[in-house]
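The values are calculated or read from the model by the stated rules, or taken from the named source; none is laboratory data. None of these values were measured; they are calculated from a predicted model. Please note: Cβ atoms are built from the backbone with ideal geometry, for glycine as well, and neighbour counts cover all protein chains shown.
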Amino acid sequence: MTVGGPALNQLDNSRGAACGDFDNDGDLDVLINNQDGPPTLLRNDGGNRNHWLMLRCLGRRSNRLAIGTRLIARAGSSQQIREIKAGSSYGSQNDLRVHFGLGAADTIDTLEIRWPSGKVDRHEKVMTDQLLTIEEPAKERGPNTASSP
């Protein structure tokens with residue numbers, strides 16, 4: 001009996017794995033890079049009963065892919081930190097979008113984005129269960145100001 005599906009019992013000579021939300025439904029999927037064969041996509045289709053937020057960051061003063069950007073999400077008493085990184089696996093690259101799994105929290109109280117340029121953006125009361133694109137401001141703003149995503 002195969003509990004996880006036939007893909008997990010398949011014998012392959014694999015060279016890498018990449019995580020990302022292939023179908024943009026808020027849960028992470030895995031793509032396995034197989035040598036001399038097609039890749040294997042393991043889709044997480046079990047139903048996402050928790051809240052999530054996915055962010056695509058675009059640098060303007062920093063590099064365009066925002067490599068090196070640190071994001072801090074605070075919801076209630078919890079805090080999560082993510083960094084946008086390149087070179088995540090041999091022969092593969094994880095999704096450059098940042099995923100936060102938030103459980104029962106339906107709002108992020110504070111989202112802080114620390115760009116490689118040194119610029120820090122803060123966004124308040126960010127709704128969950130969505131994919132947002134946030135672009136680094138090209139110019140400095142005055143103190144204590146930030147735009148909503």
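Examine the stretch 90-102 for a residue that is among the hydroxyl-bearing types (Ser, Thr, Tyr) and under 30 Å from Pro6 (Cα atoms), and state whether such a residue exists.
Yes, that holds for at least one residue.
Looking at the stretch 36-92 only, could you name the residues that are of a type in the set (Gly, Ala, Ser), free of Cβ contacts under 8 Å to residues at least 12 places away in the same chain and either closer than 21 Å to Gly16 by Cα or surrounded by 15 or more Cβ atoms within 10 Å (Cβ to Cβ) (or both)?
Gly87
Could you identify the single residue in Thr107, Thr69, Thr40 that is within 14 Å of the chain's Cα centre (by Cα) and polar (S, T, N, Q)? Talk me through it step by step, then tell me what you get.
Values: Thr107 fails: within 14 Å of the chain's Cα centre (by Cα); Thr40 fails: within 14 Å of the chain's Cα centre (by Cα).
Of the residues listed, the single one that is within 14 Å of the chain's Cα centre (by Cα) and polar (S, T, N, Q) is Thr69.
The conditions are (1) surrounded by 14 or more Cβ atoms within 10 Å (Cβ to Cβ); (2) out of contact with any helix residue (DSSP H, G or I) (no Cβ under 9 Å at 6 or more places or on another chain); (3) not in a loop (DSSP other than H, G, I, E, B), and Ile32 fails exactly one of them. Which is it?
(2)
Can you name the residue in the stretch 86-103 that is in contact with a Gly (Cβ under 8 Å, 6 or more places away or on another chain) and not in a strand (DSSP E or B) and is also modelled with the lowest pLDDT among such residues?
Among residues in the stretch 86-103 that are in contact with a Gly (Cβ under 8 Å, 6 or more places away or on another chain) and not in a strand (DSSP E or B), the one modelled with the lowest pLDDT is Tyr90.
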